[in-house]
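Structure record follows, encoded as structure tokens.
The values are calculated or read from the model by the stated rules, or taken from the named source; none is laboratory data. In this text the structure is predicted, and so the values were computed from the model without any measurement. FYI the Cβ positions are ideal-geometry reconstructions off the backbone, even for glycines, and counts take in every protein chain you see.
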Amino acid sequence: MTKKTISDQMAKLRNHGWVVLNFENNKRGRKGAKGATDFILFGFKRVLFMERKIDDKLSPEQIEIKRRIEDAELVSNGYKNLEYVLLEPDNYMDVYEELVKVALENKGGEFSM
């Protein structure tokens, strides 16, 4: 399992109508904001901030960002409209499948952007 495997799976959500912004900071020459999440997803009246972890732990800056997002989480109609999601090897496919389900329920099918 690699971080790229998870990244590639999350990118496939674009085919289901999600806007997937990738903010990976581990590429040579890129310096992102400390603590920023790896992904932000928009779609279907929802915004998800997603951090991807394989064998490492959240940094102190990432813990603070997570806390602030969770403080701001909004819930309506049983769904969190603003949410922090930690993607790990044991849950990323469940997250992917849930977001595909949300897309299909709200759009009636797949489409590409």
Looking at (1) hydrophobic (A, V, I, L, M, F, W, C); (2) at pLDDT below 95; (3) surrounded by 14 or more Cβ atoms within 10 Å (Cβ to Cβ), which is the only condition Leu87 fails?
(2)
Just the residues that are within 14 Å of Val47 (Cα to Cα), touching a residue at least 40 places away in the same chain (Cβ under 8 Å) and not in a helix (DSSP H, G or I), please, taken from the range 81-102.
Tyr84
Note down all Cβ pairs under 8 Å where the first residue falls in the range 1-12 and is within 14 Å of Asp55 (Cα to Cα) and touching a residue at least 40 places away in the same chain (Cβ under 8 Å), the second is crowded, with 17+ Cβ neighbours inside 10 Å and basic (Lys, Arg), and they're at least six residues apart or on different chains.
Lys3/Arg52; Ile6/Arg52
Residue tally, condition under 24 Å from Glu61 (Cβ atoms), assigned to a helix (DSSP H, G or I) and modelled with pLDDT of 95 or more, over the range 7-32:
1
Residues that are under 24 Å from Lys12 (Cβ atoms) and in contact (Cβ under 8 Å) with a residue 24 or more places away in the chain: does the range 70-80 have at least one?
yes
Verdict on Arg52 being under 16 Å from Arg14 (Cβ atoms) and surrounded by 17 or more Cβ atoms within 10 Å (Cβ to Cβ):
no
